[in-house]
Amino acid sequence: MKIYLVRHGETDWNNEKRLQGWADISLNAKGVKEAEEVAEKLKNVHFDDAFCSDLERAEVTAETILKGRDIEVQMDPRLRELGFGPLEGTLYNDARTDESQPLHELFVHPDKYVPEFGGEPLNYLSARAEAFQLSTLDMIQAKNPDATILVVSHGIFIRDMLTRVGGFSYDDFWKLPVGNCSIAVLSYDGKQLKIEEMGEKVTEWLV
């Protein structure tokens, strides 16, 4: 099985460098264009199934990629971004540079981040991803080992999956190539996920 793992297009909060989490922010004009460009890149890829987060920015990205195809996008809340509770909307740079900021640890040591104020721990997100793998992906792989599926999700969700699947250090979490509408290709044999294609890691911190 092949899995095309795509991050949603840009939103105004991405442009403003704000943490979105579960806030349902729409794509902006640039984000719509990015989704259309991914659709063009993937126009010759046949998808057997398609899944996306139940947040609008992921849904619209997925539907744009699949426009004109006879395939229904299935929304799955397990593919949502990490939840930040009342801290959603926090500026990335404030969280990254201010040691007193409740989200600071997420940007310094993501695997040691302990949320405050109703936020979601990173291992909860990992558990959601593993549940999606063990139910949905396993079911598809058992029926059709040669299936190709589209999964549209969010930055932290995709980074966490690539970190775990690729065996990367969490020190490089924010340097993985997961910009808006990035594409990573994974393979799955029913036992192990592997990264088949991914952009080069970057030297600068990337949100």
Residue that is surrounded by the fewest Cβ atoms within 10 Å (Cβ to Cβ), among those in region 182-205 that are farther than 22 Å from Q133 by Cα and among the β-branched types (V, I, T): T203
Do the conditions hold for I149, that is, is it open to solvent by less than 40 Å² (accessible area, probe 1.4 Å), touching a residue at least 40 places away in the same chain (Cβ under 8 Å) and in a strand (DSSP E or B)? yes
Taking the stated definitions as given, is I195 farther than 23 Å from E10 by Cβ and of a type in the set (A, V, I, L, M)? yes
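Assess whether M161 counts as being outside any strand (DSSP E or B), of a type in the set (A, V, I, L, M) and over 12 Å from the mean Cα position of the chain (by Cα).
Working: outside any strand (DSSP E or B): yes; of a type in the set (A, V, I, L, M): yes; over 12 Å from the mean Cα position of the chain (by Cα): no.
Taking the combined requirement at face value, the residue does not satisfy it.
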With the requirement that a residue be assigned to a helix (DSSP H, G or I) and either aromatic (F, W, Y) or in contact with a strand residue (DSSP E or B) (Cβ under 9 Å, 6 or more places away or on another chain) (or both), what does region 101-116 give you? F107
Take the residues in region 97-136 that are in contact with a Gly (Cβ under 9 Å, 6 or more places away or on another chain) and of a type in the set (G, A, S); name whichever of them is nearest to V73 (Cα to Cα). G119
Does S100 meet the test of being surrounded by fewer than 20 Cβ atoms within 10 Å (Cβ to Cβ), under 24 Å from W13 (Cβ atoms) and among the small types (G, A, S)? yes
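For region 152-181, what are the residues that are among the charged types (D, E, K, R) and open to solvent by less than 10 Å² (accessible area, probe 1.4 Å)? Break it down into steps so the answer makes sense when it comes.
Here is the first cut: in region 152-181, the ones among the charged types (D, E, K, R) are 159-160, 164, 171-172, 175.
Correct list: R159, D160.
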A careful count of residues in region 131-146 that are of a type outside the set (A, V, I, L, M) and exposed (fewer than 14 other Cβ atoms within 10 Å of the Cβ) gives 5
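The values are calculated or read from the model by the stated rules, or taken from the named source; none is laboratory data. Source: prediction; values computed, not measured. Here Cβ is always computed from backbone atoms with ideal geometry, including for glycine, and neighbour counts include all displayed protein chains. Protein only, heavy atoms only, side chains kept; ligands, DNA and RNA dropped before computing areas. Shrake-Rupley method; radii C 1.70, N 1.55, O 1.52, S 1.80 Å.
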